[in-house]
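What follows is a single structure, written as structure tokens, with notes after it.
Bear in mind these aren't lab numbers, they're just calculated from the coordinates by the rules spelled out. Just so it is clear, the structure is predicted and the values come from calculations on it, not from any experiment. FYI the Cβ positions are ideal-geometry reconstructions off the backbone, even for glycines, and counts take in every protein chain you see.
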Amino acid sequence: MSRLIVISNRVSVPKAAGAAGAQGGLAVALNSALRENRGIWFGWSGQETEEFTGHLDMQRNDGVTTATIDLEPQDIEEYYNGYANRTLWPLFHYRIDLTEYDRNFGEGYERVNRRFADSVRPLIDQDDLVWVHDYHLLPLGSMLRTQGVKNRMGLFLHTPWPPTRLLVSLPFHERLVESMLAYDVIGFQTEEWLGSFLHYLEKEMGLDIGTDGCIEYQGRRIVARAFPIGIDYAEFREGAQSAEADEAHDKLKASVRGRKMLIGVDRLDYSKGLGERFESFSRFLADNPDQASQVVLLQIAPPSRGDVASYQQIREDLERKTGHINGAHADVAFVPIRYVNRGYPRRQLAGFYRAAEVGLVTPLRDGMNLVAKEYVAAQKEDDPGVLILSQFAGAALQMDDALLVNPHSIEHVSETIKRALTMPLAERRSRHEKLLQSVRDNDVIHWRQEFVKVLFAGALAQGSAQDAKAGLSA
Ligand SMILES: O=P(O)(O)OC[C@H]1O[C@H](O[C@H]2O[C@H](CO)[C@@H](O)[C@H](O)[C@H]2O)[C@H](O)[C@@H](O)[C@@H]1O
Ligand SMILES: O=c1ccn([C@@H]2O[C@H](COP(=O)(O)OP(=O)(O)O)[C@@H](O)[C@H]2O)c(=O)[nH]1
């Protein structure tokens, strides 16, 4: 069996920054995928070094071998804080108002991708499958090809892919997209993002998408397909039944003293729609004065990408908004929003999810959103909570038994909160049963197997890309 060489910006090693529980879905998903496979996970340690040395720190933790490099401050500033998180992240989440174009960012991005290529190259054996992740590393595959790597290489994008009319605002967009065509397989979270990618290839590059869903490019055949990511269902369910989860559940339940609870768990990111969520909750309190002292919103929001100005801004905005809402609706014995700026281990989160009657997952745009799936997996099957889910999360395409909302519509979300809180048990059970089945059937193991199968076999996309092309416009 071929080894898997996974390459991502973020690697989940104990030494990595944020390992305490705020690393986001990519790290969580890859950790469990790699535990199942022989191979190596390569990437940035999350640490800074004065001068880049290319030194590989190899570790074996919990069944996963990792190889990490440290980056120098200029790399972190231009590549991670710069091109990845000030340019591509906002653009890929449809926020061209926040997108910054700076020549130094682009140069730093290419330099760090080259450093990744130089460092990982010696780890790749002839039969290995190479699987690159996310927007930080789009040109890595083409750099490895230049170094003579002939292995099968795949790319999976964890974020949305933007509509063509937004993407063309990126200087040198053609160069970036063309570099992606060095991969043999390009995976997206949903058919929608896949459709936008294919639209770009057709309209901007004049490429034909084959009837078999493949792209012929310079004598090579590339498969582009949707592979929706899932959670490690078995591991999460086990954790959700642990003593740690029970303790977290019991403590939280006791603290709300009989009130109903809504829960949100998100990195502190403008894409997660936290401001709109708080306003919707405030509207619910204003429109339902009889309920106002009976319901509490717990928002867990570990800080993320704190060196980027737009993230500092959203943090300030939310602090101000929470203060206003609590000021307007609190009384001496009751505060409506508990806003917590720290991360928790997932076993504790599982207990928190179970304690909440409603899961509020309302991003303005999100590649998938694993919190939505975790909320469902953590519920008691005989008395489950209700998931309110943004129609703009990738997860919504698989979870239409949730209450789907437009997170921009404060009225709609407020009314949906009321509906969720008063939903009869029979409807809660029937919705939850279907959601749980989908979360169980489409777990992270299924995701990894599907991607690796296509990468390994070079198999045709079986019409999926063609469906997306026919059914969606960018
Ligand atoms: O590494 P950070 O800068 O701290 O950010 C954390 C991760 O955020 C993003 O996660 C995405 O991947 C999830 C799993 O596929 C998906 O559910 C979610 O919708 C995405 O936002 C980012 O794409 C990762 O690279 C980051 O590691
Ligand atoms: O305090 C926290 C907050 C979040 N997470 C995890 O971070 C992931 C967030 O993934 P998601 O796909 O929802 O969003 P992302 O942060 O990757 O954009 C989920 O597995 C959460 O359980 C965590 O472990 N502790």
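Structure notes:
- Cleavage-rule hits (GluC sites (Glu not before Pro)) in segment 290-386: DSSP loop, at most 14 neighbouring Cβ within 10 angstrom: Glu381
- Farthest toward positive dipole pole in the chain [+1 Lys/Arg, -1 Asp/Glu at C-beta], among Asn85, Ala182, Ala396: Ala396
- 5 angstrom amide H check on Val11, placed H, neighbours 5+ away: Trp44
- Summary of packing: across the peptides 299-306, 277-284, the per-residue average of other C-beta atoms within 10 Å ranks them, highest first, as 277-284, 299-306.
- Each of Val454, Gln126, Tyr94 was scored by the projection of its Cα onto the charge dipole of the chain, and the greatest displacement toward the positive side belongs to Val454; charges sit on the C-beta of Lys, Arg, Asp and Glu.
- ³J(HN,Hα), Karplus 6.51/-1.76/1.60, whole Hz, each residue of segment 404-419, x for Gly, Pro: 7, 9, 8, x, 6, 8, 4, 4, 4, 5, 4, 5, 5, 4, 4, 4
- Computed from point charges on the beta carbon alone (+1 for Lys and Arg, -1 for Asp and Glu), the dipole magnitude for segment 233-442 about its Cα centre is near 200 Debye.
- Summed residue charge, Cβ within 9 Å of Asn81's Cβ, Lys/Arg positive, Asp/Glu negative: -1
- DSSP-defined antiparallel bridges as percent of all bridges, segment 233-442, nearest 5: 5 percent
- Cβ-based charge dipole, the chain, positive-most Cα from Ala234, Gly206, Tyr109: Ala234
- Size of charge dipole - segment 340-453 - debye, nearest 20, with Cβ of Lys, Arg +1 and Asp, Glu -1, no other charges: 360 debye
- Net length gained if the chain between Glu72 and Met58 were fully extended (0.36 nm per residue, minus Cα distance): 3.2 nm
- In sequence order, calculated HN-Hα J values of segment 372-387 (Karplus, 6.51, -1.76, 1.60; Hz; x Gly/Pro): 4, 6, 5, 4, 5, 5, 8, 6, 6, 5, 7, 8, x, x, 10, 9
- Net length available on complete extension from Gln47 to Arg237 is 65.2 nm, with 0.36 nm assigned per residue and the Cα-Cα distance removed.
- Within the shell defined by Cβ-Cβ distances under 12 Å, the residues around Leu155 carry a net charge of 0, with Lys and Arg each +1 and Asp and Glu each -1.
- Sequentially through segment 333-338, phi angles give Karplus couplings (6.51, -1.76, 1.60; θ = phi - 60°) of 10, 8, 10, x, 10, 9 Hz, Gly and Pro residues having no value and appearing as x.
- Listed residue pairs exceeding 27 Å between alpha carbons, taken from Lys251/Lys434; Lys150/Lys453; Lys203/Lys453; Lys321/Lys434; Lys380/Lys453; Lys203/Lys434: Lys251/Lys434; Lys203/Lys453; Lys321/Lys434; Lys380/Lys453; Lys203/Lys434
- Scanning residues 5 or more positions from Val405 or on other chains, those with amide H under 5 Å from its amide H are Leu389, Ser390, Gln391, with H placed 1.01 Å from N in the peptide plane.
- Under 5 Å from the amide H of Leu268 lie the amide H atoms of Ser304, each residue being 5 or more positions distant or on a separate chain, with H modelled from the backbone and absent for Pro and chain starts.
- Across the chain, the volume of the C-alpha convex hull divided among the residues equals 139 Å³ per residue.
- With a Förster radius of 56 Å applied to the C-beta separation of Arg145 and Ser293, the computed FRET efficiency comes to 0.35.
- The chain - share of DSSP beta bridges that are antiparallel (%, nearest 5): 20 percent
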